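Q: Would you mind keeping the following structure in view while I ask a few things?
The values are calculated or read from the model by the stated rules, or taken from the named source; none is laboratory data. What you see is a predicted model; the values in this text were computed from it and never measured. Here the Cβ positions follow ideal geometry from the backbone for every residue, glycine too, while neighbour counts run over all protein chains shown. Only protein heavy atoms, including side chains, enter the accessible area calculation; ligands, DNA and RNA are left aside. Shrake-Rupley method; radii C 1.70, N 1.55, O 1.52, S 1.80 Å.
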Amino acid sequence: MLSTILTTLQSLIAPSFVIASFFPVLAFWLINAAMLYWAYQPFRDVVGRVGGVNGVWQNSIWAAGFLIATAMTAYILSALIPRFQALMEGKWRWDAMVHWFAPAQGRRLEKIDDQIREVARYRIKLARKADIWRLRLQSAAEFGHTRNTGHNTFAANHAAAKEVQQLVKRGHSNRRLDLNQIERAVVLLDSALRENDYDDPLANDGGLLSDSFQKLLKLIDAVRIREDHNHIRLQTESYFSFGTQNLSPTSMGNIANTIQSYAVDRYNMNLAVFWSRLQHTVAADKDFSSKLEGVRTKLEFLIGCSGLTAIWGAIWAVVLLATGYEWIAFVCVACGGPLIAYSWYRVATEHYKAYADVLRTSVDLFRFGLLKDLHLSLPADVDAERTLWNELHELTAYYDLNNLRFEHPKS
């Protein structure tokens, strides 16, 4: 019976509402009912009396009443989710709290900036030495092959072989290679290559010298590529985790700021003003709009779960403390509620990155569609576009009378 009612509700109500609001509220009430059943004998008696009723109609009425109450609460939650999101984004009324939490976000950004500068210094040093190392090794290999043809006493216990193997192991463990250690390996292998013929097919080392030579050359190239990617990764993390606006006191708020920063920095487009208009253009693309709706639904689900968990923890902590229930239960609820709510928040923050990326993509793909919907001619280049969005922003937000030429479709 319950599954039939749920199926009927799903067919009547938008799937996004069912996932983002109804299911979290349903779990919320069931958990609260379980807490009441565990903590209070009168509630257990009521449940026992209700459960003793065997009539189908009576059970259906109770189930329908419960689901209707849950649906009504879910609508309340759907109205509160934007407020929950605003709180998680650090949009607080008390400046003192903002000033208290924002420095932690500043330290996170500063740490990323320090890593970017460190990688930049490393790349500069590596660029200066990498070509020299390659030429030195290739020259030594050619010298040994020419002067010591057929002679090879290189062995696995040679210092150069050990040094190269240590570098390979360190690289496989995803750790940065020390440039001084690479330098030592180059010096040792340079000496070994000059004293032996690395290209001797009948060498007693089974090709170990040739393998060490090739491994070190490949390692030098791999380090350069890896640090280039590392630099790009850190730059991306900085820009798409913080943007260019003032720091928010929360991680989610800083990720949210990247959406506006992206639109303004790239196109000079104030997305806060044009987003409601842009949604009309996005809705015309069914595939993209469904993707945006799916990402948004998941985010609202996580935000709702975090908010309801915090409410559950606060209510039951007060109830258990006021009624003098077992102190172990109070400690578990008082500590576990905020911890679980924070875990939901962290998951929501990670998912917010995907949501922000979809919104940034919508700006890239549909901004010209918005201009067409507004009957404005498309700009010829980047500078013209930035000027156009600025003039349109002044006209829309500040009511400045900028004269824009309309382009009407031919009938």
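Q: For A348, only one of the following conditions fails: (1) in contact (Cβ under 8 Å) with a residue 60 or more places away in the chain; (2) touching a Gly at 6+ places or on another chain (Cβ under 6 Å). What is its number?
A: So the condition that A348 fails would be (2).
Q: Sticking with this structure for a sec: Given the conditions (1) among the polar types (S, T, N, Q); (2) part of a loop (DSSP other than H, G, I, E, B); (3) touching a residue at least 40 places away in the same chain (Cβ under 8 Å); (4) open to solvent by 80 Å² or more (accessible area, probe 1.4 Å), report the number of the one that N174 does not fulfil.
A: Tallying (1) among the polar types (S, T, N, Q); (2) part of a loop (DSSP other than H, G, I, E, B); (3) touching a residue at least 40 places away in the same chain (Cβ under 8 Å); (4) open to solvent by 80 Å² or more (accessible area, probe 1.4 Å), N174 fails exactly one: (3).
Q: Please go through region 299-331 and give me each residue that is in a helix (DSSP H, G or I) and either within 13 Å of S78 (Cα to Cα) or acidic (D, E) (or both), ordered by number. Quick ask: steps written out before the conclusion?
A: Step one: of region 299-331, the residues in a helix (DSSP H, G or I) are 299-322, 327-331.
Those that are in a helix (DSSP H, G or I) and either within 13 Å of S78 (Cα to Cα) or acidic (D, E) (or both): L299, E300, F301, L302, I303, G304, C305, G307, L308.
Q: Looking for whichever is in contact with a helix residue (DSSP H, G or I) (Cβ under 9 Å, 6 or more places away or on another chain) and free of Cβ contacts under 8 Å to residues at least 24 places away in the same chain here; the options are L395, L365, L371, L376. Which one fits? I'd like the intermediate steps shown before the answer.
A: Numbers: L395 fails: in contact with a helix residue (DSSP H, G or I) (Cβ under 9 Å, 6 or more places away or on another chain); L365 fails: free of Cβ contacts under 8 Å to residues at least 24 places away in the same chain; L376 fails: free of Cβ contacts under 8 Å to residues at least 24 places away in the same chain.
Checking each option against the conditions leaves just L371.
Q: Go through region 240-265 residue by residue and tally those that are surrounded by 15 or more Cβ atoms within 10 Å (Cβ to Cβ) and either part of a helix (DSSP H, G or I) or touching a strand residue (DSSP E or B) at 6+ places or on another chain (Cβ under 8 Å) (or both).
A: 17
Q: Something else: Give the residue, chosen from F288, F274, that is in a helix (DSSP H, G or I), within 28 Å of L388 (Cα to Cα), in contact with a helix residue (DSSP H, G or I) (Cβ under 7 Å, 6 or more places away or on another chain) and open to solvent by 20 Å² or more (accessible area, probe 1.4 Å).
A: Details: F274 fails: open to solvent by 20 Å² or more (accessible area, probe 1.4 Å).
Matching residue, one of F288, F274: F288.
Q: Go through region 330-361 and report how many residues are open to solvent by less than 70 Å² (accessible area, probe 1.4 Å), over 18 Å from Y239 (Cα atoms) and modelled with pLDDT of 95 or more.
A: To start, the set of residues in region 330-361 that are open to solvent by less than 70 Å² (accessible area, probe 1.4 Å) comprises 330-331, 333-334, 336-337, 341, 343, 345, 348-349, 351-352, 354-356, 358-361.
Those still in the list that are over 18 Å from Y239 (Cα atoms) too: 330-331, 333-334, 336-337, 341, 343, 345, 348.
Narrowing further to those that are modelled with pLDDT of 95 or more: 341, 343, 345, 348.
Qualifying residue count, region 330-361: 4.
Q: Tell me which of these L208 doesn't satisfy, since it passes every other one: (1) more than 13 Å from A140 (Cα to Cα); (2) open to solvent by 60 Å² or more (accessible area, probe 1.4 Å).
A: All conditions are met except number (2).
Q: Shifting gears a bit: Quick one: would you say D197 is acidic (D, E), touching a residue at least 24 places away in the same chain (Cβ under 8 Å) and either open to solvent by 30 Å² or more (accessible area, probe 1.4 Å) or farther than 25 Å from V347 by Cα (or both)?
A: Taking the combined requirement at face value, the residue satisfies it.
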